[in-house]
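To keep things clear, I will list the structure first and then write my remarks on it.
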Amino acid sequence: IPATLATISNLSERGVLVKGGAYLSHLSNIKAIAFDKTGTLTNGEPVVTDYIFEVDEEELLKVVVSMEKQSNHPLARAIVNKFPNVEPIELEVENKIGVGLVTTYLGTEYCIAKVTAFSNASDALTKQVESLAKEGKTVVYVAHNSRVVGLLAFMDIPNESAKGAVEYFKKQGIYTMMITGDSYLTGEAVGMIVGIDEVRANVMPEEIIKSRKEKYGSVAMLGDGVNDAPALALADVGIAMGNGTDVAMDVADLILMKNDLSKLSYAHKLSKKMLKITYQNIIFAMFVVVALVVLNFLGKMDITFSVILHEGSTIAVILNALRMLREVKN
């Protein structure tokens with residue numbers, strides 16, 4: 001108990017909330033771990049990764065950014081954030097359902113829409129779209145007077161701590177997998193960046209957790225959404241992101257208060273150390289009890305010495321457990 005309480009205290013100081021000591025024991029023994037993609041391995045917000053324009057870039061960017069400033073779509077925010085120094089202009093923008101944004105500026109009609117809305121892109125842009133799609137990126141075309149003149153590519157990129165966390169678990173001999181509701185190409189692109197062992201796309205998370213428990217035994221699941229909640233409950237250790245949904249946090253066993261997966265690596269290291277110290281304390285306590293019994297049978301024991309030895313061993317066990325309050329080094 002002292003080691004468990006000290007471990008929970010250590011983790012809470014570093015932004016990891018634990019609902020009970022038993023879950024730390026389970027965490028130290030996991031054989032596989034599954035990560036949700038969006039908002040867990042990735043930041044949950046798309047960013048502009050590539051852009052190509054076949055006409056005057058400065059003029060086109062001015063119109064594109066001005067159009068997107070009037071939209072609250074995640075891709076619009078990505079464009080505005082990508083080009084913060086572009087001065088916007090006053091435009092009347094129409095959002096055509098199923099097509100995209102349309103405006104007229106200086107007598108020219110501009111349109112930002114999905115790739116399937118156009119069929120007149122140049123061969124060079126078409127080849128770029130095919131290449132970017134294979135990388136799991138979302139592409140939109142920019143057109144003026146119904147002629148495609150450029151493209152923008154987006155991707156929800158992995159967060160800074162994702163690759164390090166995946167590498168840590170792989171070094172520990174723990175099988176890593178990523179579960180996503182996106183297309184396989186999108187999931188595979190993120191999986192290759194972070195070095196995940198297996199990518200599963202267009203699947204229900206709880207089905208994967210059930211099959212992996214049968215194959216590996218103890219499995220952990222990390223997620224943040226409502227659709228992750230059944231899998232978090234089914235896993236031996238359910239881990240939720242602190243900025244995730246209330247449902248996910250309610251059913252999870254551990255909660256990472258920030259989207260920092262290095263905290264999960266730290267929790268795993270600490271759980272393994274906790275298990276080691278717990279075994280040390282158990283073995284030491286059993287040794288003291290056996291010693292007391294043997295000395296008593298041999299007639300070498302008096303009440304004063306037995307009390308000092310017994311209580312002294314209790315203090316030693318507590319002091320050893322308090323080592324769990326110290327930060328674990330890499």
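A few remarks follow.
- Neighbour net charge for Ile157 - beta-carbon separation under 15 angstrom, K R +1, D E -1: -2
- Our summary of shape: the Cα atoms of the chain have principal axis extents of 107, 40, 31 Å, ordered from largest down, in whole angstrom.
- Here each label is just a point 7 Å from Cα along the line to Cβ, and for Glu45 and Ser12 those points are 3.1 nm apart.
- Loop-located GluC sites (Glu not before Pro) in the stretch 144-241 (DSSP state not H, G, I, E or B) with no more than 12 neighbouring Cβ atoms inside 10 Å: Glu160.
- Residue-averaged 222 nm ellipticity for the chain, from DSSP H runs of 4+ at -39500 (n - 2.57), nearest 500: -14500 deg cm²/dmol
- The residues of the chain expose, per residue, 51 Å² of accessible area to a 1.4 Å probe.
- Put simply, the stretch 30-117 fits an ellipsoid with semi-axes of 32, 15, 12 Å; these come from the alpha carbon gyration tensor as the roots of five times its eigenvalues, largest first.
- Angle in degrees between helix 123-134 and the longest Cα principal axis of the chain, rounded to the nearest 10: 20 degrees
- Estimated FRET transfer efficiency when R0 is 25 angstrom, pair Ser131-Glu57 (beta carbons, to 0.05): 0.80
- Length released on extending from His73 to Asn145, taking residue separation times 0.36 nm less the Cα-Cα span: 23.6 nm
- Spatial extent of the stretch 227-274: Rg and Dmax, with the Cα atoms as the point set, Å: 10.9, 33
- Sites Ala291 and Leu322, calculated FRET efficiency, Cβ-Cβ separation with R0 22 Å, nearest 0.05: 0.40
- Bridges between two residues of the chain, per DSSP, are antiparallel at a rate of about 60%.
- Rounded percent of accessible protein surface that carbon and sulfur make up, the chain, 1.4 Å probe: 56 percent
- Relative contact order of the stretch 161-284, defined on C-alpha pairs under 8 angstrom at six or more residues apart (%): 19 percent
- A dipole drawn for the chain from +1 and -1 charges on Cβ atoms has a positive end, and of Val65, Leu222, Thr103 the residue lying farthest that way is Leu222.
- Residue-count net charge about Leu222 - beta-carbon cut-off 9 Å; Lys, Arg +1, Asp, Glu -1: -3
- Spin-label model, Asp302 to Glu87: label points 7 Å out along the Cα-to-beta-carbon direction sit 9.6 nm apart.
- The stretch 1-60-the stretch 257-319 distance, computed between alpha-carbon centres (Å): 33 Å
- Degrees between helix 2-13 axis and first principal axis of the chain (Cα, 0 to 90, nearest 10): 20 degrees
- For the stretch 23-144, the Cβ-based charge dipole about the Cα centre amounts to some 800 debye (Lys, Arg positive; Asp, Glu negative; other atoms uncharged).
The values are calculated or read from the model by the stated rules, or taken from the named source; none is laboratory data. Computed from a prediction, not measured in an experiment: that's the story for all the values here. We place every Cβ from the backbone using ideal geometry, glycine too, and count neighbours over all the protein chains shown. Ligands, DNA and RNA are stripped out before the accessible areas are found, and what is left, the full protein with its side chains, is counted by its heavy atoms. Shrake-Rupley method; radii C 1.70, N 1.55, O 1.52, S 1.80 Å.
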